[in-house]
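Structure first, then comments.
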Amino acid sequence: MMIVLGADHGGFIIKEAIKKYLDETNIEYIDIGSYNTESVDYPVYAKKLCSKIQDGTAELGILCCGTGIGMSMVANKQKGIRAAVLSDEFSCEFSRKHNNANVLCLGGRVVSNEKAMELAKLFLNTQFESGRHERRIAMFE
């Protein structure tokens, strides 16, 4: 499974923490930036990440900004993207199981590095339950 990561300046630090987890567990990823804490425009990174999922380069994405909200707003406007802003384990698990979320959005000013890694692990390792949920997901489009 290929993962794509993106962040603005507010999410750069937690993106780097998530990369450490991915490296330790040998999960392949593409880092589309940003690459430091200098101010950038989050929509650029959200759209770039979503295009990697849309074209089949990656299955899942993780976007990080200050709160996760801005990234999720942009991501959810892209066709085929189901982005969820998450900060707790229950919501994270069920965003995958029931909603088949394909983009995790996290806030660098909301969650710690450790929590970001825990949520990324849970998001990446939880499978969509399919069944009755497929009909609802189809209604998105």
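The values are calculated or read from the model by the stated rules, or taken from the named source; none is laboratory data. Quick caveat: nothing in here was measured; it's all calculated off a predicted structure. Don't worry about glycine lacking a Cβ; one is built from the backbone with ideal geometry, like all the others, and counts go over all protein chains shown.
Points to keep in mind about this one:
- Under the condition of being crowded, with 18+ Cβ neighbours inside 10 Å and either part of a helix (DSSP H, G or I) or at pLDDT below 95 (or both), the residues counted in the range 48-77 number 9.
- In the range 83-98, the qualifying residues are those that are of a type outside the set (Gly, Ala, Ser), in contact with a helix residue (DSSP H, G or I) (Cβ under 7 Å, 6 or more places away or on another chain) and not in a helix (DSSP H, G or I), and the one that is surrounded by the most Cβ atoms within 10 Å (Cβ to Cβ) is Leu86.
- The range 16-47, residues that are in contact with an Asp or Glu (Cβ under 8 Å, 6 or more places away or on another chain) and among the acidic types (Asp, Glu): Asp41
- Checking every residue in the range 16-32 against the condition of being over 17 Å from Ala120 (Cβ atoms) and part of a loop (DSSP other than H, G, I, E, B) gives zero matches.
- Residue count for the range 100-141, restricted to those that are more than 29 Å from Gly10 (Cα to Cα) and either among the hydroxyl-bearing types (Ser, Thr, Tyr) or in contact with a Gly (Cβ under 7 Å, 6 or more places away or on another chain) (or both): 1.
- Any chance Lys97 is within 22 Å of Ala138 (Cα to Cα) and not aliphatic (A, V, I, L, M): yes
- In the range 125-141, the residues that are within 18 Å of Glu59 (Cα to Cα) reach residues that are among the acidic types (Asp, Glu) and surrounded by 12 or more Cβ atoms within 10 Å (Cβ to Cβ) with C-beta atoms within less than 6 angstrom, at least six apart or across chains, in these pairs: Thr126/Glu93.
- Single match in Val110, Val4, Val40 (criterion: at negative phi, in contact with a strand residue (DSSP E or B) (Cβ under 6 Å, 6 or more places away or on another chain), surrounded by 15 or more Cβ atoms within 10 Å (Cβ to Cβ) and not in a helix (DSSP H, G or I)): Val4
- Screening the range 1-21 for residues that are within 13 Å of the chain's Cα centre (by Cα) and among the aliphatic types (A, V, I, L, M) and picking the one that is nearest to Cys64 (Cα to Cα) gives Ala7.
- Qualifying residues in the range 23-36 (those that are closer than 21 Å to Ser72 by Cβ and over 13 Å from the mean Cα position of the chain (by Cα)) - the one surrounded by the most Cβ atoms within 10 Å (Cβ to Cβ): Ser34
- Considering the conditions (1) free of Cβ contacts under 8 Å to residues at least 60 places away in the same chain; (2) within 24 Å of Glu38 (Cβ to Cβ); (3) of a type in the set (S, T, N, Q); (4) out of contact with any Gly (no Cβ under 6 Å at 6 or more places or on another chain), Thr67 is excluded by exactly one of them, (4).
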